[in-house]
Amino acid sequence: MSSGKRSVAQNMPFEGNSIDSRKPLEGKCFGSMPFPDWFVAGNFFSISRNTESSMSTLLIQNGTLATLGENNRILTDHSLLVENELIKKIAPTEEMRDQTADTVIDAKGQLVLPGFINAHTHFYSAFSRGLGKVPPSKNFVEVLENLWWRLDRLLTPEDCYYSALVSCIDAVKHGTTTLIDHHASEGHVRGTLELIEKAVLETGLRGSLCFELTDRDGPQVAQDGIDENVEFIRAKKRDQSSRIKALFGLHAAFTINNDTLEKAVAAARELDVGFHIHTAEDQADQDHSLKTHGIRVVERLHKFGVLGPQTICAHCIHVDEAEMDLLAETDTIGMHLPQSNLNNAVGVADVVKLIDKGILYGLGTDSMTNNLLEEARVALWAQHISKSNPSVGFMEVWNALLVNNSKILSRYWDENIGTLEEGSLADIVLMDYYPPTPFDENSFIGHMCFGVAHSSARTTIASGKVLMRDHQLIGIDEERIAARARELSQALWDRF
Ligand SMILES: [Zn+2]
């Protein structure tokens with residue numbers, strides 16, 4: 001176990017850092033300290049995406065558009081004009097033949113979709129890929145104890161920044177343009193959300209961030225968790241950025257005692273912000289709650305005032321009927337994370353029942369992937385096997401991704417995200433796809449599940465800016481970022 005509280009200064013300079021022209025950001029701070037030397041904006045980015053640039057236009061021609069939204073429309077041979085960060089006009093290509101733009105993309109043979117939304121992930125887990133030192137775990141709590149709680153204590157601020165960078169680059173490559181992250185680095189709490197925000201902004205994406213408050217590392221780390229959430233939420237409320245939002249992060253009911261929960265709710269109430277918490281992911285969460293508090297997990301969260309339309313309860317696998325009713329009555333958001341659940345052998349959420357109850361239930365990846373189509377496919381197979389029924393859950397799991405995730409974002413952003421409509425934010429993915437069977441609104445989800453899911457994102461656009469074109473990242477030096485990430489992850493593995 002790490003002693004936890006090393007200062008940023010003690011971690012500098014980073015030996016072996018071959019990055020040139022390192023300059024600290026002027027006027028910025030890292031918690032209460034200046035940003036460390038390694039933290040340099042623009043180093044890997046030949047295009048700055050931190051600030052709104054002057055007016056620009058982008059025209060996508062000759063594409064097949066799927067608008068998504070409540071009334072998904074398939075528009076063949078259409079063009080789409082983007083002005084600055086918004087979709088300005090959608091019309092048949094013929095009608096827009098004379099339209100000019102700063103950038104023109106020919107989308108012939110491509111399906112044009114809103115950028116995918118990953119509604120629950122953990123950037124910090126990126127450096128666990130290939131880590132072989134983890135002892136075998138017999139259950140979910142041992143997975144946490146043997147891997148995640150050890151790893152998150154050892155992350156340095158630089159690890160937090162680079163794990164977010166590599167995760168965001170991976171998202172761009174999979175056409176995922178908005179991510180709701182849940183961050184943990186219990187050995188270095190303060191200032192980390194600001195570093196992650198920079199990574200999201202530099203890669204051109206959109207995100208909602210939070211720090212996972214927990215009592216598992218003692219009262220000081222818990223207080224730091226509250227302070228980190230509060231400070232970041234306050235900053236986001238002030239700057240009204242359309243790119244980054246904040247939630248109040250809570251790890252899970254079974255690692256937060258009543259005093260800490262009370263403090264967190266009081267702070268969040270003052271800031272008028274919702275929570276993001278793992279909820280009944282494993283039966284162990286319920287067992288702990290019943291034994292320690294005499295009530296079930298969702299009942300306890302409700303009693304303390306955690307639930308509500310701004311709050312995300314991730315998983316909701318081991319919830320009973322009354323808990324589902326509570327989530328529905330309070331209009332709390334639920335989140336499905338099937339690949340993680342199968343990997344951890346914790347069970348499969350009853351997606352159909354949760355949605356039938358009226359819960360807004362979205363889809364995330366829990367950092368298993370940034371390919372949301374892969375996640376939705378697994379979600380479907382998991383429903384089939386859990387119900388021994390090959391016909392259950394088709395519309396529910398695909399709507400979680402293609403409709404509900406967009407509705408979830410509308411609770412945090414004023415702008416429309418996740419639909420191709422005039423006035424929506426221009427977050428767009430182009431995928432190579434010539435439909436080999438009839439392709440319309442009725443067959444659309446079948447094509448997504450069994451065809452488009454095997455294609456790959458060709459071009460990714462967020463806020464009207466092209467982040468990847470014809471599989472080439474634009475203005476992002478992935479090779480050098482990955483090289484530094486490998487150095488840092490090796491050092492992390494050595495400490496593990
Ligand atoms: Zn998670």
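In region 453-466, is there at least one residue being out of contact with any strand residue (DSSP E or B) (no Cβ under 8 Å at 6 or more places or on another chain) and of a type in the set (A, V, I, L, M, F, W, C)?
Yes; the residues of region 453-466 include at least one that is out of contact with any strand residue (DSSP E or B) (no Cβ under 8 Å at 6 or more places or on another chain) and of a type in the set (A, V, I, L, M, F, W, C).
Residue by residue through region 322-373, note down the ones that are under 18 Å from residue 119 (Cβ atoms) and acidic (Asp, Glu).
Correct list: 331, 366.
Can you go through 436, 338, 390 and tell me which one is in the same structural domain as residue 204 (by TED's automatic domain parsing) and farther than 26 Å from residue 310 by Cβ?
Numbers: 436 fails: in the same structural domain as residue 204 (by TED's automatic domain parsing); 338 fails: farther than 26 Å from residue 310 by Cβ.
Answer to the check: 390.
So which of 302, 315 ends up being within 16 Å of the ligand (Cβ to nearest atom) and closer than 29 Å to residue 236 by Cα?
315
How many residues are in a helix (DSSP H, G or I) and either buried (at least 24 other Cβ atoms within 10 Å of the Cβ) or touching a strand residue (DSSP E or B) at 6+ places or on another chain (Cβ under 9 Å) (or both) if we restrict to region 347-356? Break it down into steps so the answer makes sense when it comes.
As a first pass, look at region 347-356 and keep what is in a helix (DSSP H, G or I): 351-356.
Restricting the remaining residues to those that are either buried (at least 24 other Cβ atoms within 10 Å of the Cβ) or touching a strand residue (DSSP E or B) at 6+ places or on another chain (Cβ under 9 Å) (or both) gives 351, 354-355.
Count: 3.
If residue 282 meets every condition in (1) over 27 Å from residue 409 (Cβ atoms); (2) away from the ligand (no atom under 16 Å from the Cβ); (3) not aliphatic (A, V, I, L, M) apart from one, which number is that one?
(2)
For the condition buried (at least 18 other Cβ atoms within 10 Å of the Cβ) and touching a helix residue (DSSP H, G or I) at 6+ places or on another chain (Cβ under 6 Å), what is the one hit in 177, 203? Steps first, answer last, please.
Working: 177 fails: touching a helix residue (DSSP H, G or I) at 6+ places or on another chain (Cβ under 6 Å).
Going through 177, 203 in turn, the sole match is 203.
Against the condition farther than 30 Å from residue 415 by Cα and part of a helix (DSSP H, G or I), how does residue 224 come out, does it pass?
On the way: farther than 30 Å from residue 415 by Cα: yes; part of a helix (DSSP H, G or I): yes.
Taking the combined requirement at face value, the residue satisfies it.
Applying the selection to region 443-496, what residues are more than 23 Å from the chain's Cα centre (by Cα) and under 30 Å from residue 55 (Cα atoms)?
470, the sole residue that qualifies.
Could you look through region 358-377, keep only residues that are surrounded by fewer than 20 Cβ atoms within 10 Å (Cβ to Cβ) and either more than 14 Å from residue 335 (Cα to Cα) or polar (S, T, N, Q) (or both), and pick out the one that is farthest from the ligand (Cβ to nearest atom)?
374
Determine which member of the set 453, 457 is of a type in the set (A, V, I, L, M) and touching a Leu at 6+ places or on another chain (Cβ under 6 Å).
Details: 457 fails: touching a Leu at 6+ places or on another chain (Cβ under 6 Å).
One residue alone meets the criteria, 453.
Does region 335-346 hold any residues that are within 15 Å of the ligand (Cβ to nearest atom), surrounded by fewer than 23 Cβ atoms within 10 Å (Cβ to Cβ) and not in a helix (DSSP H, G or I), and which are they?
344, 346
The values are calculated or read from the model by the stated rules, or taken from the named source; none is laboratory data. Keep in mind that this is a model prediction, so the values were computed, not measured. Cβ coordinates were reconstructed from backbone atoms using ideal geometry, including for glycine residues, and neighbour counts include every protein chain displayed.
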